[in-house]
1. Scan segment 142-168 residue by residue and report those that are β-branched (Val, Ile, Thr), over 15 Å from LYS73 (Cα atoms) and modelled with pLDDT of 95 or more.
2. Suppose we keep only residues that are hydroxyl-bearing (Ser, Thr, Tyr) and open to solvent by 70 Å² or more (accessible area, probe 1.4 Å) within segment 141-164. Which one would you say is nearest to the chain's Cα centre (by Cα)?
3. Does PHE130 qualify as being open to solvent by less than 60 Å² (accessible area, probe 1.4 Å) and in contact with a helix residue (DSSP H, G or I) (Cβ under 7 Å, 6 or more places away or on another chain)?
4. Considering segment 90-114 alone, what residues qualify as being closer than 28 Å to PRO166 by Cβ and part of a strand (DSSP E or B)?
5. Please verify whether segment 128-135 includes one or more residues that are among the aliphatic types (A, V, I, L, M), in contact with a Phe, Trp or Tyr (Cβ under 7 Å, 6 or more places away or on another chain) and on the phi < 0 side of the Ramachandran plot.
6. Among the candidates VAL48, VAL31, which residue alone is in contact with a helix residue (DSSP H, G or I) (Cβ under 8 Å, 6 or more places away or on another chain) and not in a strand (DSSP E or B)?
7. Kindly indicate whether ALA103 is open to solvent by less than 60 Å² (accessible area, probe 1.4 Å) and modelled with pLDDT of 95 or more.
8. Hey, does segment 81-96 have a residue that's open to solvent by 50 Å² or more (accessible area, probe 1.4 Å) and more than 30 Å from THR169 (Cβ to Cβ)?
Amino acid sequence: NLAASASAGDTFALRIATRSFLTLATPADSVVFSMTPIVTSISEVQTVNTVTVDVSSSVPSLLTQGLSYVMLKATMTVDTGSAQLNRFLVNRTGEGINGDVSAVKVYSDEVVDGWPLNAAVDQLLGEAPFIGAQGLATIDIAATTLAAGTPAVFFIVYDISPSANPGDTIGASLSNAT
């Protein structure tokens, strides 16, 4: 049985080098190995957990060409153990086109004050353009560990193109990446 205190990511294996490592209840019984040592493959402890994402936005109703805006703030928590986050899928919403946004960026809130984005302190994790007719930006990031009891805050930022179409509406939503 695996101890309840085993942490996600711990690894273990079984190795029996010789028959002297085994004790039999009846001395008349014997142990015969077809080969030695007996070694299992390495197994990793995993936990079943749930990541909760609380999304909020305070985007102004008018955006200026050539400027950057925090479109979403995503606060993520995990209920037990830990979870690895390695990608954000951001959907373009509204009547705008992909070209209205020159880059979609993800920042980690390093001060964990929740607001506002401070590009001098908060860490840029990755960026990507919108692609396809549906306007999806796939932003791969270095694996980030979410730990139970420690909220992580991320900012989804749009760089509005200097040539964005006046009158277009633009928004953001996150997709569930499993």
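1. Residues of segment 142-168 β-branched (Val, Ile, Thr): 144-145, 150, 153, 156-157, 160.
Filter once more, keeping what is over 15 Å from LYS73 (Cα atoms): 144-145, 150, 160.
Once the filter is applied, which keeps residues that are β-branched (Val, Ile, Thr), over 15 Å from LYS73 (Cα atoms) and modelled with pLDDT of 95 or more, segment 142-168 yields only ILE160.
2. Within segment 141-164, the subset hydroxyl-bearing (Ser, Thr, Tyr) is 144-145, 150, 158, 161, 163.
Going one step further and asking which of them are open to solvent by 70 Å² or more (accessible area, probe 1.4 Å), we end up with 145, 150, 163.
Working: THR145: 7, THR150: 14, SER163: 32 Å.
So, considering only residues that are hydroxyl-bearing (Ser, Thr, Tyr) and open to solvent by 70 Å² or more (accessible area, probe 1.4 Å), the one nearest to the chain's Cα centre (by Cα) is THR145.
3. yes
4. Step one: filter segment 90-114 for residues closer than 28 Å to PRO166 by Cβ, giving 90-107.
Of everything in segment 90-114, those that are closer than 28 Å to PRO166 by Cβ and part of a strand (DSSP E or B) turn out to be VAL90, ASN91, ARG92, THR93, VAL101, SER102, ALA103, VAL104, LYS105, VAL106, TYR107.
5. Here is the first cut: in segment 128-135, the residues among the aliphatic types (A, V, I, L, M) are 128, 131, 133.
Filter once more, so that each one left must be in contact with a Phe, Trp or Tyr (Cβ under 7 Å, 6 or more places away or on another chain): none.
Scanning segment 128-135, I find no residue that is among the aliphatic types (A, V, I, L, M), in contact with a Phe, Trp or Tyr (Cβ under 7 Å, 6 or more places away or on another chain) and on the phi < 0 side of the Ramachandran plot, so the answer is no.
6. Working: VAL48 fails: in contact with a helix residue (DSSP H, G or I) (Cβ under 8 Å, 6 or more places away or on another chain).
VAL31 is the lone residue from the list that is in contact with a helix residue (DSSP H, G or I) (Cβ under 8 Å, 6 or more places away or on another chain) and not in a strand (DSSP E or B).
7. Values: open to solvent by less than 60 Å² (accessible area, probe 1.4 Å): yes; modelled with pLDDT of 95 or more: yes.
Considered against the rule, which asks whether it is open to solvent by less than 60 Å² (accessible area, probe 1.4 Å) and modelled with pLDDT of 95 or more, ALA103 comes out as yes.
8. Yes; the residues of segment 81-96 include at least one that is open to solvent by 50 Å² or more (accessible area, probe 1.4 Å) and more than 30 Å from THR169 (Cβ to Cβ).
The values are calculated or read from the model by the stated rules, or taken from the named source; none is laboratory data. This structure is a prediction, so every number in the text was calculated from the model and none was measured. Positions of Cβ are backbone-derived with ideal geometry, glycine not excepted, and every protein chain shown enters the neighbour counts. Surface areas here come from the heavy atoms of the whole protein model, side chains and all, with no ligands, DNA or RNA. Shrake-Rupley method; radii C 1.70, N 1.55, O 1.52, S 1.80 Å.
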